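The values are calculated or read from the model by the stated rules, or taken from the named source; none is laboratory data. Because the structure is a prediction, the values reported are computed rather than measured. A quick note on method: Cβ atoms are made from the backbone with ideal geometry, for glycine too, and the neighbour counts reach across all protein chains shown. When the accessible area is computed, the model is the full protein with side chains, heavy atoms only, and any ligands, DNA or RNA have been set aside. Shrake-Rupley method; radii C 1.70, N 1.55, O 1.52, S 1.80 Å.
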Amino acid sequence: MSNDILVMTEQLSGKVNDISYEMVGKAKALAGTLGGEVVAVMLGSGMSDAANSFAADTTIYVDDPALADFNPEAYSKVIAALVTEKSPRLTMIGSTTMGMDIGAWLAAKTNQQFVAYVADLAAADGDLVATSQLYAGKLTAEVALEGASVTAVLAGAFPAEAGRGSTAAEQIASPVPLNDLKTKFVQLNRPEGGDIDITAQEKLVAVGRGIGGEDNIELAEELAEALGAVVAASRPVTDAGWLPKTRQVGKSGVAVKPKLYLMLGISGAPEHLEGMKDADLIIAVNTDANAPIFDVAHYGTTCDLFDVAEAMVEALE
Amino acid sequence: MNIVVAIKHVPSLTDELELNDEGTNLDFDMVDFALSEWDEQAIEEAALIKEASGGTVTVIGVDVIEELDNVLHTALAKGADKAVKIVGDFEPPLESRDQARLLADAIRGMSPDLVLTGVQAIDDLNGQIGPMLAAYLDMPYVGVVVGMRAIAGTATVEKEYAGGVTAEFKVSLPMVVGIQAAAHPPRYAPVSKIRQMAKTAVIDEIEADDDEFDPVSIIKMSKPVAASHAEMIDGDPEAVAEKIIGLLRERGLLA
């Protein structure tokens with residue numbers, strides 16, 4: 001095992017996801033203490049500009065037509081071969097919808113320790129400790145990373161700026177054959193236009209599971225109208241089909257930074273916080289006084305959301 | 001189509017989470033367990049595939065606290081054909097990695113075409129079950145799946161990325177799928193039907209032949225110390241509404 005840190009970067013259609021820079025930046029800070037190098041790895045095809053954008057000591061760019069688009073099977077096999085060859089102390093993968101297909105698989109396949117949902121990493125005297133967010137953000141666990149380990153890092157945990165750079169990537173061919181894959185990428189589907197773009201709104205009224213049902217969306221719409229706002233949602237609401245997918249804020253939705261984010265019945269799971277924690281003014285209405293959202297919101301109330309929404313609509317009329 | 005759904009029993013978030021005296025994990029005597037919410041989605045998706053393409057659905061889980069029967073009876077009431085629990089000398093927390101190994105050992109002999117799991121669980125400290133099952137069973141894996149169909153040896157799956165973008169993959173079966181959301185919200189199983197299953201259904205038991213577990217070294221578990229806390233607005237709904245409106249006016253967010 002080396003003292004190196006291998007960072008699995010992430011791109012979609014040649015555009016690097018910020019989590020990649022966030023991880024490279026944190027890896028550089030840790031490498032100073034561990035005494036190893038930071039090796040960034042990017043997989044793709046015809047994307048050398050993106051591959052040259054990291055501040056790593058070494059960037060390995062695996063260029064193969066079979067890697068042009070994310071393919072869980074192809075990407076996993078390539079990264080496993082590189083991890084086996086380089087034998088890093090720590091491998092960092094994004095806890096993103098792409099990274100979640102690889103991290104735990106890689107650790108199981110290469111028989112390394114794995115820690116998911118990592119919000120912080122610390123190194124001292126050769127020891128590495130990962131802080132993981134569990135139970136929908138209600139608890140954190142500090143875990144000793146014993147031996148070669150893989151971590152899945154939450155988006156937004158570290159600043160991206162420290163990871164941006166211009167290290168010239170070393171371009172290599174795939175270390176494993178990619179001609180007999182069982183998984184074939186077919187196409188990307190982009191959301192249909194036509195709905196309101198919630199990222200462009202100054203004021204959002206966001207509804208969560210606590211809204212209780214499709215019939216109650218109307219009340220949120222009324223309040224939004226009275227405030228000159230638009231209705232956004234957390235995952236359970238769009239999964240249930242109460243609002244279209246285009247309204248979803250968070251990890252698999254969009255990131256928003258409005259002047260007002262008024263939240264009705266959203267507890268504040270890490271996946272949602274990822275998409276709204278930088279809003280200028282966050283007001284949370286949630287009957288659970290222990291909901292994690294109250295650690296992020298500027299103002300909060302445990303009043304019933306229906307009572308508050310109705311009272312606000314009435315007062316504004 | 002032989003469909004296996006691997007499920008996980010996880011601490012329920014309904015009640016306040018209590019830590020043990022050492023502060024290294026939950027006080028498992030003080031928590032209730034429930035089916036992982038993403039596994040509800042996986043069970044629903046399996047039922048939908050069975051309705052569309054035929055086949056059998058087997059639901060399997062590790063019975064960590066010897067209270068899995070109700071979850072399995074509910075799955076049967078929702079359309080699963082067979083329920084299996086892996087039993088042994090377990091104690092919580094039996095971590096994801098160990099559960100995945102036990103599940104893989106049991107599933108290997110079932111020769112499934114499709115293995116569905118919830119994409120994640122709230123206690124997945126050392127990994128999500130799906131990708132680890134894929135590693136142990138040597139099958140391809142696609143997770144964060146929000147739509148799929150499976151016909152004659154091939155599955156088409158729709159995987160979610162950020163911003164509403166999805167990617168479509170075609171995969172030769174067998175494969176493991178991590179379900180984020182089924183095509184429809186999970187169906188409701190009437191209590192009478194669950195009771196009936198509890199009386200008549202047989203849950204197969206597989207004895208775990210592995211009792212060497214490998215938990216991660218948790219130094220400390222704690223409730224997150226927030227850098228800040230919201231300023232709480234008290235009072236009746238009218239007073240709260242008035243205060244919120246006042247805050248918006250102060251900031252020029254309302255005319």
What is the Cα radius of gyration of the range B:148-229 over 2.2 N^0.38 Å, N being its residue count?
-> 1.80
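Dipole of the range B:1-147, Cα-centred, from +1 at each Lys and Arg C-beta and -1 at each Asp and Glu C-beta, to the nearest 20 debye?
Details: 8 positive and 28 negative charges, 217 e Å.
The dipole of the range B:1-147 has a size of about 1040 debye.
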Mark the label point 7 Å from the Cα of B:Ser222 along Cα→Cβ and return the residues of the range A:133-164 whose backbone N is within less than 13 Å of it.
-> A:139-143
Determine the distance separating the Cα centre of the range B:38-96 from the Cα centre of the range A:192-227; give it in Å without decimals.
-> 35
For the pair A:Asp120 and B:Gln196, how long in nm is the line joining their label points, each one 7 Å along Cα→Cβ?
-> 5.4
Just from its helices, what would the mean residue ellipticity at 222 nm be for chain A, if runs of 4 or more DSSP H residues each count -39500 (n - 2.57) and the sum is divided by every residue, rounded to the nearest 500 deg cm²/dmol?
-> -7000 deg cm²/dmol
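FRET efficiency for A:Asp180 and A:Asn290, Cβ-Cβ distance as r, R0 = 56 Å, nearest 0.05?
Details: r = 51 Å, r/R0 = 0.92.
Calculated transfer efficiency: 0.65.
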Indicate the residues belonging to the range B:98-130 that lose 50 Å² or more of solvent-accessible heavy-atom surface (probe 1.4 Å) upon moving from the chain alone to the assembly of all protein chains, ignoring ligands and nucleic acids.
-> B:Gln120, B:Ile122, B:Leu125, B:Gln128
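Run lengths n ≥ 4 of DSSP H only: what is the helix-derived mean residue ellipticity at 222 nm for chain B, with -39500 (n - 2.57) per run over all residues, to the nearest 500? Walk me through the intermediate numbers first.
On the way: 6 runs with 72 residues, N = 255.
Roughly -9000 deg cm²/dmol at 222 nm, from the helical runs in chain B.
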Taking chain B, the lysine pairs whose C-alpha atoms sit under 24 Å apart (8 or more places apart or on different chains) add up to 22
Total charge dipole magnitude, chain B, about the Cα centre, Cβ charges on Lys, Arg, Asp, Glu only, Debye to nearest 20 = 1480
Charge-dipole axis of the range A:139-264 as Lys and Arg at +1 and Asp and Glu at -1 on Cβ define it, positive-most pick from A:Gly253, A:Gln201, A:Val176 = A:Val176
Between B:Glu238 and A:Glu192, Cβ-based FRET efficiency (R0 41 Å, step 0.05) works out to 0.50
Dipole of the protein assembly as shown (Lys/Arg Cβ +1, Asp/Glu Cβ -1, origin at the Cα centre): which of B:Phe33, A:Ala40, A:Thr97 lies farthest to the positive side?
-> A:Ala40
With all protein chains present, how much of the accessible area of the protein assembly as shown (probe radius 1.4 Å) comes from carbon and sulfur, to the nearest whole percent?
-> 46
What is the dipole size for the protein assembly as shown, taken about its Cα centre, with +1 at each Lys and Arg Cβ and -1 at each Asp and Glu Cβ, in debye to the nearest 20?
-> 1780
Karplus-derived HN-Hα couplings along the range B:127-135 (A = 6.51, B = -1.76, C = 1.60, θ = phi - 60°), whole Hz, x at Gly and Pro | x, 7, 4, x, x, 6, 4, 4, 5
Find the centroid of the Cα atoms in the range B:134-206 and in the range B:218-255, then give the distance between the two in whole Å.
-> 39
Roughly speaking, what is the centre-to-centre gap between the range A:68-90 and the range A:266-286 when only Cα atoms are used, to the nearest Å?
-> 34
Hz values of 3J(HN,Hα) by residue in the range B:61-78 - Karplus curve (6.51, -1.76, 1.60), Gly and Pro given as x = x, 8, 8, 5, 10, 6, 9, 7, 4, 4, 4, 5, 4, 5, 4, 5, 5, 8
Any idea which of B:Met148, B:Ile107, B:Ile86 is furthest toward the positive side of the dipole for the range B:70-152, if Lys and Arg beta-carbons carry +1 and Asp and Glu beta-carbons -1?
-> B:Met148
With a 1.4 Å probe on protein heavy atoms only, work out how much accessible surface A and B bury together, total over both chains, in Å² to the nearest 100.
-> 6700
